[in-house]
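Values quoted throughout were computed directly from the atomic coordinates according to the rules given, and no laboratory measurement underlies them. A quick note: this is a predicted structure, and the numbers were derived from the prediction, not measured. In this analysis, Cβ positions are derived from the backbone assuming ideal geometry, glycine residues included, and neighbour counts consider all displayed protein chains.
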Amino acid sequence: MINTRSLYFALLLTCFVHCTSGQHAICNSLEGYDTKALISAVQWRVTTDYACLGNPAADCTYYISFCQTAENCFHQYSACQNSTGASNMTVIGAYSTTIFHENESGPKGFYAVFPQGPRQNVSNTTICEPSLKIKFTCNLKTQWLVPVGDVTALAPEPDDVDVDDACLTTLTFDYPGACYQGKEPEKGMSGGAVFLLILFSVAVAYFLIGMAYNGFVKHKSGVNLIPQASFWIGLPIHIIEGFRTTLGVCTGSSKTTGTSYESV
């Protein structure tokens, strides 16, 4: 006979797991990327200190829900904003279950595009249908913490916020799920590093070829193997003299040296 207390506990545990650990939304997926954390929260709260649609200088609070409607967006839309001092929410993104898209060009990653919100007054002089685009860049160190239960999650601060004249708000976030197959892309050499590598290679080739030529063709030896030996040996002295002369000019303590000429 099944223990009634054990059965009750099992049912209670199953209910708890179902209510707290499952994804709250059905959403399109992208091969190689992880969007689970984004759609697991009922809504995300994002706060910035600038670039609010309709009031670029004001602090802005965004409420964003991926592939579901957000509680703070009238339970009807997926993204909205509220600027400091504003009494009403501005809807900036409608509901959709196909919002994620892989980057067409540039570094690997993905972005989310929300359908346009309703036509509305976003300021005293602007009426438009706002929309929202969110770019996600690979960073395994960034944390997007999803709270247990139907609680608003706090998103990290965006790296960039842009609002254009067409009422499109673009937010850029670091996100670990944007790393393709969970790996950060290998970074190539910078332009400065490439230049130094080329410069070093040319210098090495210059000395090796010059020393070989002086040794085998001109039959030189010792220090004279170095191409243009007198120049390279005297170079440190010329550099020191250059610094001393420059320092003297800057401090006003330079003295005229060398041969003087009589006036004619």
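How would 73, 67 line up from fewest to most surrounding beta-carbon atoms within 10 angstrom? Kindly include the intermediate steps, with their values, before the conclusion.
Values: 73 25, 67 21.
In order of increasing Cβ crowding within 10 Å: 67, 73.
Would you order 53, 132, 208, 225 from fewest to most other beta-carbon atoms within 10 Å of each residue's own beta-carbon? Spell out each step's value before the answer.
Details: 53 24, 132 27, 208 11, 225 16.
The order, fewest Cβ neighbours first, is 208, 225, 53, 132.
How much length is gained if the chain between residue 105 and residue 202 is pulled fully straight, taking 0.36 nm per residue apart and subtracting their Cα-Cα distance, in nm to one decimal? Don't skip to the end; give the middle numbers.
Working: separation 97, 0.36 × 97 = 34.92 nm, distance 3.49 nm.
Extra length from residue 105 to residue 202 when fully extended: 31.4 nm.
With the cut-off at 26 Å, report for the stretch 4-182 the share of all Cα pairs above it, as a whole percent.
Distances greater than 26 Å cover 32 percent of the Cα pairs.
Calculate how large, on average over all directions, the projected area of the Cα convex hull of the stretch 134-243 is; give the answer in nm² to one decimal. Can you show the working numbers first?
On the way: hull surface 65.1 nm².
Average of the hull's projected areas for the stretch 134-243 equals 16.3 nm².
Give the share of C-alpha pairs in each 10 angstrom bin for the stretch 97-152, from 0 to the last occupied bin, in whole percents, shortest bins first.
Pair shares across the bins are 18, 29, 33, 19, 0.
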